[in-house]
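First the structure, which I've put down as structure tokens, then a few questions once you've had a look.
Where a number appears in this text, it was derived from the coordinates with a stated rule and is not lab data. Everything numeric in this text was worked out from a predicted model, so none of it was measured. Heads up, the Cβs are rebuilt from the backbone with ideal geometry, glycines too, and the neighbour counts pull from every protein chain shown.
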Amino acid sequence: MSTPTYITVDGRRTRVRIGGDPERPPVLLLHGIGRSLEDWAPQFQRLARTQRVIALDVPGFGFSDRPQEHITLPVLARGVAETLGALGEKRPLHLIGNSLGGAVAMQLLALEPERVASLVLVNSAGFGSQVAIALRLLALPGIGYLATRHTTRLAAEVNERLIFADKSLVTKERVDHARTIAKQPDPGDVTYETARALATGRGVRPEWRAELIAAVAKHPRPTLVVWGDRDRVLPAHHLDTARQLLPHADTHLFTGVGHMPQIERPDEFAELVLAFLAGAATARSQPSAAHLSR
């Protein structure tokens, strides 16, 4: 099984993990704010049996260097696209994004629709203003700036407890990993800039959400939206909004699960996603009704 490695993208060190048959359809895994590709570790082997799997530390997060520009959602999406270019991956991808990663996936569809075959949005940002107070505080001047530079062990543990419904997943290894990331030179600044760009102390900004959903609606793709019913970061009723805004999407609600169903229910999650990807591949291979009528 593959392990993470580093490549150079536009002069930046970028951390990636790649596995599966190179001839298989490519899947790109995108993590959330302040996180890393380890959030997809339970899915990597499961998905790589039938897919080409690419996971990366989104530019500026994890162990990847930041872009020079001030961080916005389009900057993050362009950084992901540049990583794909550096890897030589030009085929349309199945994008799977958790939390902020879901918004980055939708932004990539908006910017470069030809790169995207389908979307799987996992407890994704972009479907409501409500967000955990801990993330709202990160958007505040002063408080957010200090919080993203001084991650104590207690703060790291509290954050892990916020993510999972199953508290047995809040292990020493996960907390240690979170603190190691926090000690890297870029994630503090990038987390703060991202929070400021996307939220205020009152919640997620509506402007970018409306603009993003409108752009996604112009480029409909097979879409699956899933949520955990015990998510304390982005509440599960955002799934109802997703159903309204993306009426073509399939949806699924995991019971007894928090913000990361890919970790809390790895087998169920993989089974659901692989079935969706098989259907999406079939849909892409079938001629459109308009083509058949010619």
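For the stretch 155-273, what class follows from the C-alpha gyration tensor (a ≥ b ≥ c being the square roots of its eigenvalues): rounded when a/c is under 1.5, otherwise prolate if a/b is larger than b/c, else oblate?
In terms of gyration-tensor shape, oblate.
To make sure I understand the rule: partners must be lysines, Cα under 28 Å from the Cα of Lys167, and not fewer than 8 residues away in the same chain. Which ones qualify?
Lys183
Going Cα to Cα from Lys90, which lysines come in below 25 Å? Please leave out same-chain ones fewer than 8 positions away.
Lys90 reaches Lys218.
Continuing with the same structure: List the pair-distance distribution P(r) of the stretch 111-192, using every Cα-Cα distance, as the percent of pairs falling in each 5 Å bin from 0 up to the bin containing the longest distance, rounded to whole percents.
3, 12, 18, 20, 19, 15, 9, 5, 1
Contact order normalised by length for the chain, with contacts defined as Cα pairs under 8 Å and 6 or more residues apart; what percent is it?
19 percent
Enumerate the aspartates and glutamates that Lys172 could reach by cross-link, defined here as Cα to Cα under 19 Å, with residues fewer than 8 away along the same chain left out.
Once the sequence-local aspartates and glutamates are set aside, what remains near Lys172 is Glu38, Asp39, Glu157, Glu160, Glu264.
In nm, to one decimal, how far is the Ala155 label point from the Thr282 one, both placed 7 Å along Cα→Cβ?
4.9 nm
Provide Rg and Dmax in Å for the chain, with only Cα atoms included in the calculation.
Over the chain's Cα set, Rg and Dmax evaluate to 18.0, 64 Å.
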